[in-house]
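J.: Quick one: this structure, given as structure tokens, is what I'll be asking you about.
Every read-out reported here was derived from the displayed coordinates using simple, explicitly stated rules and does not represent laboratory data. Treat the numbers as computed from the prediction; the structure is a model and nothing was measured. Here the Cβ positions follow ideal geometry from the backbone for every residue, glycine too, while neighbour counts run over all protein chains shown.
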Amino acid sequence: MGIIEILFFDTYAFFEILKGNLNYRPYSFGKAGVLTTKMNLLELHYGLLLKAGKMVADTWYDYYLPFTVDIDDEIIKQASLLMATTRKKRISYVDCIGYTIALSRNVPFLTGDKAFEGMPNVTFLK
């Protein structure tokens, strides 16, 4: 069976997949196409470094690195606008960038972050 769909993976999604959350099983390890940024991998690496050590953090960083996309100037400007218009939700700049990339590429933003619940273009899973 081939890849079903491509999604932008928020850092939240990576952690849920690695924890074995069954709700994320359809998107784990080759079952869905992955898009992300190095900023998301920074968050993933840092979290894994604290919880599981450098070897595990490096392994997963390297595994997901080929799926990263560049952050261009227009994405930065649009993400800034998103932060400004949703500031009551307190969405991080990394998440604003990821969501903006997902919108620009017309792919769903995969997350369980409550700030994105009910927003368009989001695949929200807990």
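J.: For a quick check, take a GNM of the chain with Cα springs below 10 Å and name the residue from Phe15, Phe67, Phe29 with the largest mean-square fluctuation.
T.: The residue that fluctuates most here is Phe29.
J.: Among (1) 60; (2) 64; (3) 56, only one was calculated for this model; which label is it, if the read-out is percent of Cα pairs over 17 Å apart?
T.: Matching the structure shown: (3).
J.: So who's got an amide H within less than 5 Å of the one on Gly33, skipping anything under 5 residues away but keeping other chains? H placed 1.01 Å off N, in plane.
T.: Ile4, Glu5, Ile6, Leu7
J.: If you don't mind, another one. Nearest 500 deg cm²/dmol is fine: what mean residue ellipticity at 222 nm does the chain get from its DSSP H runs of n ≥ 4 alone, each adding -39,500 (n - 2.57), divided by its residue count?
T.: Working: 5 runs with 61 residues, N = 126.
After summing the helix terms and dividing by residue count, I get -15000 deg cm²/dmol.
J.: Of Ile71, Ile76, how do they rank once you tally other Cβ atoms within 10 Å and put the fewest first?
T.: Ordered by Cβ neighbours within 10 Å, fewest first: Ile76, Ile71.
J.: Setting aside same-chain residues fewer than 8 positions from Lys38, which lysines have a Cα under 25 Å from its Cα?
T.: Lys19, Lys51, Lys54, Lys77, Lys89, Lys114, Lys126
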